Every structure is written in C-alpha cells, then in structure tokens.
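Accompanying notes for the structure given below.
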Amino acid sequence: MFKKNFFLISIILIAIVSRFIPHPPNFTPITAIALLASKGFDNRLASFFVPLVSMIISDFFLGFHSTIFFVYGSYILITLYGRLSKRITVLTVIFSSMIFFVVTNFGVWLNGYPITMEGFLLCYSLALPFFVYTLLGDIFYSGIMIFSFKYFKRIQIVK
C-alpha cells in the first residue's frame with residue numbers, strides 16, 4: 001500500500017515535469033494540483049504551499065513575468081475554493097478555470113491595456129482563446145490526477 005502523501009507528492013512532481021513538455025498555452029496541470037492538494041493534504045498550509053511551490057520551481061526555469069502575482073493569487077483562490085467545496089467535480093474544475101481566467105486577465109489588463117472599459121473588454125475578449133486551452137487542460141489533468149486519486153483511495157491502494 002502507498003502512503004497518501006507519497007502518492008500526492010509523486011503525482012505533483014510528474015505534473016511539474018509536464019510543464020516543461022511542449023503544450024498549448026495555459027494547458028497546464030497547476031489547477032489540478034491546487035484542487036488535488038486542497039483535498040489530498042490534511043494540513044491546510046501544505047494544501048496552499050504545494051501549488052505555489054510547484055509554480056515557483058517551474059517558473060524559476062520557465063521565467064517570471066509581470067503578472068506572476070495574479071497567477072499565484074488565482075491558485076491560492078482555487079485552493080481555497082477546493083478546500084471549501086464538499087468534493088471536486090467537473091463543475092468545480094470548470095469554476096476553477098474561470099477563477100484563473102478572471103484573476104489573471106485582470107492582471108494582464110492592469111499591466112498591458114488602457115485602464116478603460118474598452119481596454120478591459122478588449123483584454124478579456126482577446127483572452128478567450130486561451131480560456132479554451134485553460135479549460136481543456138484543467139479538465140484533462142484533473143481527470144488524470146484527482147479522479148485517479150479518488151479511485152485509488154476507494155479501492156484502498158492509497159491510504
């Protein structure tokens with residue numbers, strides 16, 4: 001039998017490595033990591049710490065940018081949402097994708113567009129194609145990570 005924390009850390013390390021594999025924009029595992037950590041770790045601090053460390057480690061190699069605090073903030077909110085949710089469902093994943101979209105694009109608007117209603121609408125409308133990739137990536141990685149974790153717990157492979 002696997003220990004639960006070993007399983008969680010292993011799947012998170014695999015997800016970090018996957019950020020280095022070529023992929024469409026925003027098709028990443030970090031939302032799934034945040035949701036998995038929110039339900040998988042009993043320690044509240046660890047559940048918030050894991051997605052942030054995952055991002056910081058990979059961003060150290062991939063590069064930091066001017067909206068990084070909005071990105072990290074969105075993952076804090078997603079982890080909080082996961083902790084407050086009764087369980088992680090497809091709707092939870094979709095809402096988490098929306099949190100990421102709204103928060104990060106607010107940062108993009110503040111850092112790169114005119115601070116007007118037109119600039120705001122332009123920013124968010126140009127971001128819609130990225131949202132499709134975000135949503136697809138979040139559903140894909142959540143399906144693999146979260147739902148396999150639930151399955152392994154149910155059949156008692158992970159304790």
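A short reminder: the numbers here are calculations on the coordinates, not readings from a lab. All of these numbers come straight from a predicted model, not from anything done at the bench. Cβ atoms come from the backbone with ideal geometry, glycine included; neighbour counts cover every protein chain shown.
What to note about this one:
- Order of 87, 19 under a 10 Å beta carbon neighbour criterion, fewest first: 87, 19
- Selection among 100, 142, 26 by position relative to the dipole of the chain gives 142 as farthest towards the positive end (Cβ unit charges, Cα centre).
- In plain terms, the residue of 135, 84, 35 with the fewest other Cβ atoms within 10 Å comes first and the most crowded comes last, giving 84, 135, 35.
- Ellipticity estimate at 222 nm from DSSP helix runs (n ≥ 4, -39,500 (n - 2.57)) divided over the chain, nearest 500: -26500 deg cm²/dmol
- Förster-model FRET efficiency, 30 Å R0, residue 17 and residue 126, C-beta, rounded to 0.05: 0.50
- Distance between region 1-64 and region 134-149 - C-alpha centres, whole angstrom: 12
- Translational diffusion of region 119-159, µm² s⁻¹ [Kirkwood Rh, Cα pairs; Stokes-Einstein; 4 °C; 1.567 mPa s]: 106
- Dipole of the chain computed with +1 at Lys/Arg Cβ and -1 at Asp/Glu Cβ about the Cα centre; of 117, 45, 155, farthest Cα towards the positive end is 155.
- Cα→Cβ-extended label distance, 7 Å offset, between residue 86 and residue 65, nm: 3.8
- All distinct Cα pairs of the chain go into the 1/r average, and the inverse of that average, the Kirkwood radius, is 16.1 Å.
- Listed by chain and number, the aspartates and glutamates placed with their C-alpha closer than 19 angstrom to that of residue 153 are 42; residues fewer than eight positions away on the same chain are left out.
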